[in-house]
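Please read the structure below before turning to the comments.
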Amino acid sequence: MKISKIIIALFVFQCIILNNITAQSSNPDFMQSIGKIYVVVAVIVTVFLGIIIYLFSLQKKIKQLEDQIKD
Amino acid sequence: MKENWWKIIGIVLMLFALIFGILTPLKPGLPSVFPFNGKAGNPLTVDIQGYNTHFDEAKEQRVWLKLGDYTLGSSKLEATSSNLLRATFLTPAMLPSKDSVVVFSLVTDNEIDGASVMPSAIFVKQSVIDSAGAAQVWPQNSLDNLHQQAGIMFPYRNVLGETIRNLYYHVSLWFAMFIILAVSIFYSIRYLNKGNMLDDHRSNALVSVGVLFGLLGCATGSIWAKHTWGTWWTTDVKLNMTAIFMLIYLAYFVLRGSFQDEIKRARLASVYNIFAFASIIPLLFVIPRLVDSLHPGNGGNPGFGGEDLDNTMRIAFYPAIIGMTLIGLWIADLRYRLAVLADKVLDRI
């Protein structure tokens, strides 16, 4: 339960970092550099984190069932 | 291990799409040219910016201004680096067109990079309009002795650049989502026919993975749009229709959650699922094609078809679709098995 919250926080954090890097840092063209390859990296990271978040929610359901069996 | 073969295939295909999709280089291209305007009759010197090009190593570098069949070769070429080329054109005072401002394409060719084209690259203004006279002066050349680029490379497109690789990680998500939702429809119909509770569990698990892929597709599309269209979300028809259809599917979970009675819930959810899937077809496949849209594959913007989706991209694109689908089916399978287990255990207690 806690871990899924951490992962969601990481996801939001990643979005904020990406936004900050593009908007404020000394190199505003980071996402535009090397033919915009970092956009591809951001997309792959998003898909990976999305699937991980889903798996944690699945784990939560399994945990609930386990607790019910114990009672 | 025997029942895991399709999961392994899914992982291998996805790994292949990741590795091949990232490591294959892009073809050389021409991102920009400066200045992009000039006057007919004056010498025109432009700096051509290249991407993945080898201007300084090439021995047979050639550059043309092109308008239809009329081509004008450069009189002087100077490569300052592998990606920067300065070309000078001696334009005649009359241009082979009846317009006062004529838009030329820029064509470069050398033996290492092959030929690259930048459409609508340079605007040339003419003060005297005499297209018949210009036709005599301007050389005609169909440019059929260009070099071919050898090797496996993805096409270069302006604005897109390297993000053309997102085809394997964004578009394949949507394809996988359609396949997974279509399979869930199959189980919904089978539930309504036979009344087997297991089919309802299967259909529910598949819809939840389908919606996950849809949400991820929206998120990744949004990131891609930010760096190519310039904004996270536009009022584009395709995007808004996607938002509507995501809401329709989110209502599916609300509907399921609002019933205590299992049979009632399963029946209504199955019927709703069929109607929700039926709504995808007009929302995502019909309406966006009827109006103008920024999104590739829609009205006035064929995008990743024909030349854009060339055969080297298909090598990674189709495995990515199949791999994504199989991984989605795997996750749905885990969810389904959990639901069945919960049913069995809780009934016994």
Interface call, segment B:207-252: threshold 40 Å², probe 1.4 Å, accessible heavy-atom surface of protein chains, chain by itself vs complex, result B:L212, B:L216, B:T220, B:I223, B:H227
Under a Gaussian network model of chain B whose springs join Cα atoms within less than 10 Å, the largest fluctuation of B:V137, B:V171, B:V107 belongs to B:V137
For chain B the mean separation of alpha carbon contacts under 8 Å (6+ apart) over residue count, i.e. relative contact order in percent, is 19 percent
Ignoring ligands and nucleic acids, chains B and A bury, in total, an accessible area (1.4 Å probe) to the nearest 100 Å² of about 2500 Å²
Too long for a 28 Å Cα-Cα cut-off, among B:K27/B:K66; A:K36/B:K39; A:K70/B:K194, are A:K36/B:K39; A:K70/B:K194
Placing each pseudo-label 7 Å from Cα in the direction of the beta carbon, B:A251 and A:F13 end up separated by a distance in nanometres of 3.8 nm
Within chain B, excluding any GluC sites (Glu not before Pro) found in a DSSP loop (not H, G, I, E or B) and having at most 11 other Cβ atoms within 10 Å, the longest uninterrupted segment runs B:61-306
For segment B:30-137 the mean separation of alpha carbon contacts under 8 Å (6+ apart) over residue count, i.e. relative contact order in percent, is 32 percent
XL table A:K5/B:K344; B:K264/B:K344; A:K63/B:K344; A:K61/B:K344; Cα-Cα > 24 Å flagged, in table order, is A:K5/B:K344
In terms of the charge dipole of segment B:30-137, which places +1 on Lys and Arg and -1 on Asp and Glu at the beta carbon, the residue among B:T108, B:L77, B:S120 farthest towards the positive end is B:S120
Taking a ≥ b ≥ c as the square roots of the Cα gyration tensor eigenvalues, with a/c under 1.5 meaning rounded and otherwise prolate when a/b beats b/c or oblate if not, chain B comes out prolate
Out of B:T108, B:T220, B:T231, a Gaussian network model of chain B with alpha-carbon springs under 10 Å gives the largest mean-square fluctuation to B:T231
To the nearest 20 debye, the protein assembly as shown has a Cα-centred charge dipole, built from +1 on Lys and Arg Cβ and -1 on Asp and Glu Cβ, of 1520 debye
Once both label points are put 7 Å beyond Cα along the C-beta direction, the B:F34-B:M153 separation in nm becomes 2.4 nm
In the neighbourhood of B:I112 defined by beta carbon distances under 14 Å, the net charge of the other residues (Lys, Arg +1; Asp, Glu -1) is -3
Rounded to the nearest Å, the spacing of the alpha-carbon centers of segment B:185-254 and segment B:308-349 is 14 Å
Of every hundred units of 1.4 Å-probe accessible area on chain B, the number belonging to carbon and sulfur atoms, as a percent, is 62 percent
GNM on chain B, Cα springs under 10 Å; top mean-square fluctuation among B:S105, B:S142, B:S270 goes to B:S142
Under the rule rounded for a/c under 1.5, else prolate if a/b exceeds b/c, else oblate, using alpha carbon gyration tensor axes a ≥ b ≥ c, the protein assembly as shown is classed as prolate
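The values are calculated or read from the model by the stated rules, or taken from the named source; none is laboratory data. What you see is a predicted model; the values in this text were computed from it and never measured. Heads up, the Cβs are rebuilt from the backbone with ideal geometry, glycines too, and the neighbour counts pull from every protein chain shown. SASA here: full protein model, heavy atoms, side chains in, ligands and nucleic acids out. Shrake-Rupley method; radii C 1.70, N 1.55, O 1.52, S 1.80 Å.
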